[in-house]
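Participant: I'd like to ask you about the structure that follows.
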Amino acid sequence: MKTHILIITALESELKQADVPAEVKVIYTGIGKINAALASVKAIHEYQPKRIVNFGTVGKINPELSGLISIGKVIQRDMVAEPLAPRGMTPFCPNPYEYFSPDGEFICGTGDSFVTTEDPWLGIQKVDVVDMELFAIAATAFRYNIPWQSFKYITDDADSGAGNEWQGKMHQGHDLYMKKLNELL
């Protein structure tokens with residue numbers, strides 16, 4: 001089955017398939033980079049999309065941000081293999097260490113941890129927000145030469161209260177996702 005737009009998101013509580021037009025397929029990856037990569041590969045093979053759109057939630061590093069933002073660049077914040085490669089780069093890997101979306105504005109740092117404390121490296125890299133799936137989704141889209149976009153709803157301040165804030169706000173981006181999807185269609 002082919003689809004023009006494939007939406008990839010971590011959890012059904014963020015966006016339900018029943019809420020989007022029938023011609024748009026929503027894939028749920030689960031949390032984390034491995035789950036996101038596996039689900040993305042499977043979905044690409046099954047649906048052969050022309051474009052991938054990621055909707056999801058993020059914690060903010062940039063205190064000026066709020067609401068729904070578009071991501072223009074994603075890096076891996078938890079690949080730390082020094083001295084074999086600088087932080088953020090996978091050693092001995094020919095794949096890019098950063099991925100770009102032509103439509104986005106902000107930088108996302110992806111990692112398999114919930115950010116609850118300040119990390120100076122994120123500031124040096126000018127990371128605006130942090131998540132747990134986008135790098136894997138973007139890397140998979142790149143591998144299959146499929147354009148991707150990402151729209152992230154800011155739920156928390158990536159601090160000690162982030163877990164509770166995220167749980168209380170993760171569903172609040174739904175209406176903004178739907179508005180953005182209508183613009184994309």
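The values are calculated or read from the model by the stated rules, or taken from the named source; none is laboratory data. This is a predicted model, so every value here is computed, not measured. With ideal geometry, Cβ positions are generated from the backbone for all residues, glycine too; neighbour counts draw on all protein chains shown.
Participant: Show the residue pairs that are 6+ apart or on different chains and have beta-carbon atoms under 6 Å apart, the first residue being within region 40-66 and at positive phi, the second being of a type outside the set (Val, Ile, Thr) and at pLDDT below 95.
Facilitator: 48/2
Participant: Okay, next question. Can residue 101 be described as within 17 Å of residue 40 (Cβ to Cβ) and without any contact (Cβ under 8 Å) to a residue 60 or more places away in the chain?
Facilitator: For residue 101, the condition - within 17 Å of residue 40 (Cβ to Cβ) and without any contact (Cβ under 8 Å) to a residue 60 or more places away in the chain - is met.
Participant: In addition: Do any strands (runs of 3 or more DSSP E) entirely within region 40-125 hold 3 or more residues that are in contact with a Ser or Thr (Cβ under 7 Å, 6 or more places away or on another chain), and if so, which?
Facilitator: Values: elements: 51-60, 68-76, 98-100, 106-110.
It comes to 51-60, 68-76.
Participant: Out of region 1-54, which residues are within 22 Å of residue 166 (Cα to Cα), modelled with pLDDT under 95 and crowded, with 18+ Cβ neighbours inside 10 Å?
Facilitator: Within region 1-54, 14, 15 meet the criteria.
Participant: While we're on this one: Return the residues of region 96-133 that are of a type in the set (Gly, Ala, Ser) and touching an Asp or Glu at 6+ places or on another chain (Cβ under 7 Å); say none if nothing qualifies.
Facilitator: Of everything in region 96-133, those that are of a type in the set (Gly, Ala, Ser) and touching an Asp or Glu at 6+ places or on another chain (Cβ under 7 Å) turn out to be 111, 113.
To keep it simple, each residue is scored yes or no on (1) modelled with pLDDT under 95; (2) under 21 Å from residue 70 (Cβ atoms).
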{"site": "84", "(1), (2)": "no, no"}
{"site": "87", "(1), (2)": "no, no"}
{"site": "90", "(1), (2)": "no, no"}
{"site": "98", "(1), (2)": "no, yes"}
{"site": "101", "(1), (2)": "no, yes"}
{"site": "106", "(1), (2)": "no, yes"}
{"site": "111", "(1), (2)": "no, yes"}
{"site": "116", "(1), (2)": "yes, no"}
{"site": "120", "(1), (2)": "no, no"}
